[in-house]
Amino acid sequence: MWFLLELNYSVLLRSQLDPSHVASHFLLDSRIHSAEQVAAGHINDSYRVLTEDGGQYLLQRINTAIFRDPVRLMENIERVLDHLSAKCESERERRVLRLIPTAAGGFCYEREDTFWRMYWFIDGTYIHRAVEGPHEARTAGAAFGRFQAMLADLPPHLLNETIPGFHDTPSRFQLFEEAVAGDAFRRASECAPEISFAMSRQPLAEWLVNAGPPLPVRIAHNDAKISNILFDSETHEALCVVDLDTVMPGTSLYDVGDMMRSMTTGRDEDERDLSLVNVRLDLFKALAEGYLSQMADRLLTSERELLVSSGMVITYEQGIRFLTDYLNGDVYYRQAFPAQNLQRTRAQFALLKSMEDHCAEMESLVASI
Ligand code: GN1
Ligand code: MG
């Protein structure tokens, strides 16, 4: 019984459909050999599908509790991939994700209210859960910078908002306050220090959405973390940006902030030892140089001035999102162990504190680039 209680929402919602059977509805090179679940992200379910001829694919079931309109989400992905493919001059099949059509036409297979899509699996690549050194930070910063730059001439209004208000930090704060007030799982007293930290930083929530001169609307990835980049196993260059579900109108700074959150400590997002969660200025410098190598010419002064601040806002936002989920009984993010959301929260808040301590140094590094 207690085991059941620990199953989280997404597990309960998981379809009983057999992924091999689902995969057979896509146009593959040969018959399916196997379909195995892989750990990829906190939201969707992913399977690596192998065919008898050695073809490799990534099958994903879209979590419709979170992405409410999978059809419009797939429209975005198709449009973005078409745009990126047209821009990519070499090695297109390794640098841009490729969707596999279904036998019925289109790129989304729907069955019993579940929605599935499939990508060609890009072989000879790996991902980092955390940045190991300046090389990864620089090449990853350039990859997301290039991603934004390549999409700069695609009008943002052509993309649908797959999750409305995704980086609306004041709304995220409101949801957090409601979770604290409701305290449905009686967890608020246990995380009183984290709640009080989050309350004390509330002004941060306004910094991007209500920035002085409004920030230009640009197409952003909106989940620009290190694990959303495929690295080339041979050259160790950042090859391909993945996880396009949240690509939609936003600001350049949502991605800069998420990169700072996920690439400046050299540690995992849920690092347990908080003494290790510190901004490393060598990583920050490499990341900023990489990003600006692609985007410096396009950024307005209003964006450049908030580069460092964006790291604090998005780290704060992510911290309150994890904490909200913990207070709500872990219904949103997949967890590998109990109270992982609280551990994730603590790591985000430790990082935010360190960013506050090193803010002036980061500002002068940006000024020197
Ligand atoms: C979620 O599923 P995944 O891992 O790609 C989340 C992001 C968070 C991220 C934290 C739709 O992304 O916003 O930044 O976890 N995606 C959604 O690792 O909420
Ligand atoms: Mg994502």
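The values are calculated or read from the model by the stated rules, or taken from the named source; none is laboratory data. Since the structure is predicted, the reported quantities are computational estimates derived from the model, not experimental observations. Glycine also receives a Cβ, built like all others from the backbone with ideal geometry; neighbour counts cover every protein chain displayed.
With the requirement that a residue be modelled with pLDDT under 50 and within 15 Å of ARG117 (Cβ to Cβ), what does region 12-39 give you?
Selection gives SER15 alone.
If you take the residues in region 125-158 that are of a type in the set (A, V, I, L, M, F, W, C) and touching a Lys or Arg at 6+ places or on another chain (Cβ under 7 Å), which one is nearest to LEU230 (Cα to Cα)?
Ranking the candidates gives ALA130 first.
Among the residues of region 36-54, how many are within 8 Å of ligand 1 (Cβ to nearest atom) and part of a strand (DSSP E or B)?
Final tally of qualifying residues: 0.
Scan region 296-304 and give yes if some residue there is out of contact with any helix residue (DSSP H, G or I) (no Cβ under 6 Å at 6 or more places or on another chain), away from ligand 2 (no atom under 16 Å from the Cβ), small (Gly, Ala, Ser) and closer than 30 Å to PRO213 by Cβ, otherwise no.
Yes - at least one qualifying residue is present in region 296-304.
Have a look at TYR9, TYR57 and point out the one that is under 30 Å from GLU161 (Cβ atoms), modelled with pLDDT of 95 or more and more than 15 Å from ligand 2 (Cβ to nearest atom).
TYR57
Exactly one condition in (1) surrounded by fewer than 20 Cβ atoms within 10 Å (Cβ to Cβ); (2) within 14 Å of ligand 1 (Cβ to nearest atom); (3) at positive phi is not met by HIS236; state its number.
The failed condition is (2).
Find all pairs meeting these conditions: Cβ atoms under 7 angstrom apart; at least six residues apart or on different chains; first residue within region 42-65 and touching a residue at least 24 places away in the same chain (Cβ under 8 Å) and under 23 Å from TYR126 (Cβ atoms); second residue among the acidic types (Asp, Glu) and away from ligand 1 (no atom under 16 Å from the Cβ).
Taking only residues 6 or more apart or on different chains, the pairs are TYR47/GLU36; ARG48/GLU36; GLY55/ASP29; GLN56/ASP123.
Name the residues in region 185-200 that are within 17 Å of ARG172 (Cβ to Cβ) and either within 16 Å of ligand 1 (Cβ to nearest atom) or in contact (Cβ under 8 Å) with a residue 60 or more places away in the chain (or both), would you?
Matches in region 185-200: CYS191, GLU194, ILE195, PHE197, ALA198.
Being of a type in the set (A, V, I, L, M, F, W, C) and more than 19 Å from ASP245 (Cβ to Cβ) is the filter; apply it to region 111-134 and report the residue that is surrounded by the most Cβ atoms within 10 Å (Cβ to Cβ).
Residue satisfying both the conditions and the ranking: VAL131.
Being crowded, with 20+ Cβ neighbours inside 10 Å and either assigned to a loop (DSSP other than H, G, I, E, B) or at pLDDT below 95 (or both) is the filter here, so list the residues in region 152-170 that pass it.
Matches in region 152-170: LEU159, THR162, HIS167.
Here is a yes/no grid of residues against (1) of a type in the set (Val, Ile, Thr); (2) farther than 19 Å from GLU269 by Cβ:
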site	(1), (2)
LEU300	no, yes
GLU305	no, yes
THR324	yes, no
TYR332	no, no
PRO338	no, no
MET355	no, no
ALA360	no, yes
ILE369	yes, yes
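Quick check on this structure: which one of PRO203, PRO216 is more than 16 Å from ligand 1 (Cβ to nearest atom) and part of a helix (DSSP H, G or I)?
Within the list PRO203, PRO216, the selection yields PRO203.
Being over 19 Å from ARG94 (Cβ atoms), more than 16 Å from ligand 1 (Cβ to nearest atom) and surrounded by 17 or more Cβ atoms within 10 Å (Cβ to Cβ): is that true of PHE173 here?
no
Yes/no matrix, rows are residues, columns are (1) within 14 Å of ligand 1 (Cβ to nearest atom); (2) among the small types (Gly, Ala, Ser); (3) in contact with a Cys (Cβ under 8 Å, 6 or more places away or on another chain):
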site: LEU307; (1), (2), (3): no, no, no
site: VAL313; (1), (2), (3): yes, no, no
site: LEU323; (1), (2), (3): yes, no, yes
site: VAL331; (1), (2), (3): yes, no, no
site: ALA347; (1), (2), (3): yes, yes, no
site: HIS358; (1), (2), (3): no, no, no
site: LEU365; (1), (2), (3): no, no, no
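Out of region 239-292, which residues are over 23 Å from PHE322 (Cα atoms) and either without any contact (Cβ under 8 Å) to a residue 12 or more places away in the chain or within 16 Å of ligand 1 (Cβ to nearest atom) (or both)?
Across region 239-292, the qualifying residues are CYS240, VAL241, PRO249.
Regarding region 67-87, can at least one residue be identified that is crowded, with 17+ Cβ neighbours inside 10 Å and assigned to a strand (DSSP E or B)?
no
Can you find, within region 221-276, the residue that is nearest to ligand 2 (Cβ to nearest atom) among those that are touching a strand residue (DSSP E or B) at 6+ places or on another chain (Cβ under 7 Å) and in a helix (DSSP H, G or I)?
The selected residue is ASN228.
Restricting to region 319-344, count the residues that are within 16 Å of the chain's Cα centre (by Cα), touching a residue at least 60 places away in the same chain (Cβ under 8 Å) and either outside any loop (DSSP other than H, G, I, E, B) or under 24 Å from LEU208 (Cβ atoms) (or both).
Summing the residues that are within 16 Å of the chain's Cα centre (by Cα), touching a residue at least 60 places away in the same chain (Cβ under 8 Å) and either outside any loop (DSSP other than H, G, I, E, B) or under 24 Å from LEU208 (Cβ atoms) (or both) in region 319-344 gives 6.
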